[in-house]
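Worksheet: one structure, shown below.
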Amino acid sequence: MDTLVYTADISALEDSAVFERLLGTVPAYRREKAMRFRFQSGRMQSLGVGLLLRLACRDFGIEGADENVVLGENGKPAFRDFPDVHFNLSHSKERVMCVVSPCEVGCDVERVKEGRSRLAERFFKESETRWIQSFPEGDAQDTAFCRLWTLKECYMKVTGRGMSLSPDKFTLAMAPEGISLDHEGPRPEYTFREVSHDGGYCAAFCLKGAPEGIRIVQREIDLASEPLFNEGIPNKEALR
């Protein structure tokens, strides 16, 4: 089975006609969750990840699985009817991300924030801070900080512990040949992949127990024109 990694820009959802149309394509619990947010930005993010999850479930061959999502310990979501299929969601500003996999998975997308690299010593191990400081000061170090933070969140999420697992309790080694984890000893069963670290955002995911040669399918989704969400619409201009 493939691991599906879907990302999208949700700025199209700023159009009220697009938002209302696509809101009607997700399950009731997702519609209700999205509309509980006070601000439109939160509604857009919630709808955006719901749309990606719906599309990924169809492409994975478990269409409708997103209609029965349950929460496990520490709030980690899972499919009620497909316990052997795993997923994770993330959003940041105008970017959303979804990963569906036969392996346990955690994913994260973050916007790069100016000046965040100054916090490295507070959150990271000494070796990780040195890696960040190996980049030129300014934007490059801020991006390096965001890359590492994103990868750490992926691991914290795949464990199901989330922020209850402090990021300074484990070490990630960033090397040209790959990313390795030390958490009370080497943990080779965890595989880390960066999706991107440009365009002002960083995105990554972590798989537990991925078999050698597992195929990763990455797609950038245009929500306003994806056929699954726009059946019966003659063309995407009708959404505007």
Query raised in the report: Looking at ALA204, ALA175, ALA210, which is the one that is in contact with a helix residue (DSSP H, G or I) (Cβ under 6 Å, 6 or more places away or on another chain), over 22 Å from ARG54 (Cβ atoms) and among the small types (Gly, Ala, Ser)?
Result: ALA204
**Report entry** Only one of ALA210, ALA204, ALA224 that is open to solvent by 20 Å² or more (accessible area, probe 1.4 Å) and at negative phi
**Finding:** ALA210
Report summary line: Only one of (1) out of contact with any Phe, Trp or Tyr (no Cβ under 9 Å at 6 or more places or on another chain); (2) under 29 Å from GLY75 (Cβ atoms); (3) in contact (Cβ under 8 Å) with a residue 24 or more places away in the chain; (4) assigned to a helix (DSSP H, G or I) does not apply to GLY160, and that is (4)
Query raised in the report: What is the number of the single condition among (1) without any contact (Cβ under 8 Å) to a residue 24 or more places away in the chain; (2) assigned to a strand (DSSP E or B); (3) of a type outside the set (Ser, Thr, Tyr) that CYS98 does not meet?
Result: (1)
Query - Selection from segment 130-157 of residues that are charged (D, E, K, R) and in a helix (DSSP H, G or I) - result: ARG130, ASP139, ASP142, ARG147, LYS152, GLU153, LYS157
Query - Subset of segment 128-157 that is free of Cβ contacts under 8 Å to residues at least 24 places away in the same chain and among the hydrophobic types (A, V, I, L, M, F, W, C) - its residue that is surrounded by the fewest Cβ atoms within 10 Å (Cβ to Cβ) - result: ALA140
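The values are calculated or read from the model by the stated rules, or taken from the named source; none is laboratory data. This one's a predicted model, so the numbers in the text were calculated from it and none came from an experiment. Don't worry about glycine lacking a Cβ; one is built from the backbone with ideal geometry, like all the others, and counts go over all protein chains shown. All accessible areas refer to the heavy atoms of the entire protein, side chains included, with ligands and DNA or RNA removed. Shrake-Rupley method; radii C 1.70, N 1.55, O 1.52, S 1.80 Å.
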